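> Take a look at the following structure, please.
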Amino acid sequence: MKAVRLLEFGGPLVFDDVPTPAIARDEVLVKIKSSAVNHIDLVKASGKLRQILPIDLPWIPGHEFSGIVEQVGSDVAGYVPGDAVFGTSELGAYAEFLAVKQATIVKKPSNLTFEEAASVPVASQTAWEGIFTHGHLEKGQTILIHGGAGAVGAYAVQLASHAGASVIATASGDDEAYVKSIGASRVINYREAQFEKVLREKVDVVFDLIGGDTQKRSFLVLKEGGHLIAATQPVSQEETASHRVSGAMMRLAPSADMLGRIARLLEKGTIRPDVATVYALQDTAQAWKDIAGNLPGVHGMSPSGPGAAKRRAHGKIVLRVT
């Protein structure tokens, strides 16, 4: 089968032939139709955080995918060849075939394309876990979402709004209309105002997808007993104690149950996916250059100069595999 591989840290991506994986009794072989590109792929490939995010070389990137069931193991129930599925994997989804555990996939919503479905699993489950599992968001509460126009942030806005929460998001002025269209009641332009100075009432939950000084200032707008959940960096326990709130950095733990709930919301049209750009699998290197424009200094790529990180369409970059 064809696959995209990394042979050395910081090296070029290679499009070549590798053996098709064999499945165990409890696994499903999926013929990949589409795979999504994530920042974490570039971070791992750079080798800069190999102590925290180790990979074995040669390595096939890719953590989320959609496709067609090709073969099922003898212990697998509920799936047959021909089923359209989507899900996550610790193994590489930048390939024509992938062997996965049944517990990591669910059937694809019939109203989504394979490209749309591949863009869903990581971002949507990160949002779900962040605001519900860790943030304990409930109907009638208020949540502040930093980075509401990003892939994870957009799902957080939609899910929180659907749950009956009041949603405030930070984003650029260019993204205000988009973020309001998916459920935010208020959007604060971070380029023109500091959120802690314009919010008159404190919030129950902060979902931080930005980090740095944004996270530090977030303690000022949290109610006592509130929750600050971060997806990018650890939360200071000294700050949480002094402000009498709880805070934690989350790490995604995907599950078929959670993705199944999200799939039902997608099928009903309650929430929607967004795909920014579609590349062919053999053009993965160009897709990485695209995403690296918004993540300077990773995998040896960086913007060419000031302002080089261009604004792109909302949603995920995905790869069309077959």
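The values are calculated or read from the model by the stated rules, or taken from the named source; none is laboratory data. Every value quoted in this text rests on a predicted model; they were computed, and no experiment measured them. No Cβ is skipped: glycine too gets one built from the backbone with ideal geometry, and neighbour counts run over all protein chains shown. Areas reflect the complete protein model, heavy atoms only, side chains present, ligands, DNA and RNA absent. Shrake-Rupley method; radii C 1.70, N 1.55, O 1.52, S 1.80 Å.
> Could you please find all residues in segment 127-144 being of a type outside the set (Asp, Glu), open to solvent by 10 Å² or more (accessible area, probe 1.4 Å) and within 19 Å of the chain's Cα centre (by Cα)?
Correct list: Trp128, Phe132, Thr133, His134.
> Scanning for something open to solvent by less than 40 Å² (accessible area, probe 1.4 Å), farther than 30 Å from Pro81 by Cβ, in contact (Cβ under 8 Å) with a residue 24 or more places away in the chain and of a type outside the set (A, V, I, L, M, F, W, C), does segment 107-126 turn up at least one residue?
Yes, because at least one residue in segment 107-126 is open to solvent by less than 40 Å² (accessible area, probe 1.4 Å), farther than 30 Å from Pro81 by Cβ, in contact (Cβ under 8 Å) with a residue 24 or more places away in the chain and of a type outside the set (A, V, I, L, M, F, W, C).
> May I ask you to say which residue of Phe15, Phe86 is open to solvent by less than 20 Å² (accessible area, probe 1.4 Å), closer than 20 Å to Leu281 by Cα, part of a strand (DSSP E or B) and among the aromatic types (Phe, Trp, Tyr)?
Only one candidate qualifies: Phe86.
> Look at Glu129 and say whether it is in contact (Cβ under 8 Å) with a residue 60 or more places away in the chain and not small (Gly, Ala, Ser).
When the stated conditions are applied, Glu129 passes them.
> I'm trying to understand the selection: among the residues of segment 93-106, which are open to solvent by less than 10 Å² (accessible area, probe 1.4 Å) and in contact with a Phe, Trp or Tyr (Cβ under 8 Å, 6 or more places away or on another chain)?
Selection gives Ala93, Leu98, Ile105.
> Now a separate question. I need the strands (runs of 3 or more DSSP E) fully contained in segment 188-275, keeping only those with at least 3 residues that are in contact (Cβ under 8 Å) with a residue 24 or more places away in the chain and on the phi < 0 side of the Ramachandran plot.
Filter on segment 188-275 gives 203-208, 222-230.
> Which one is modelled with the lowest pLDDT, of the residues in segment 21-57 that are acidic (Asp, Glu) and assigned to a loop (DSSP other than H, G, I, E, B)?
Ranking the qualifying residues of segment 21-57, first place goes to Asp56.
> Check Ile210, Ile168 and return the single one that is open to solvent by 50 Å² or more (accessible area, probe 1.4 Å) and under 27 Å from Ile40 (Cα atoms).
Step by step, each of Ile210, Ile168 is checked, and only Ile210 is open to solvent by 50 Å² or more (accessible area, probe 1.4 Å) and under 27 Å from Ile40 (Cα atoms).
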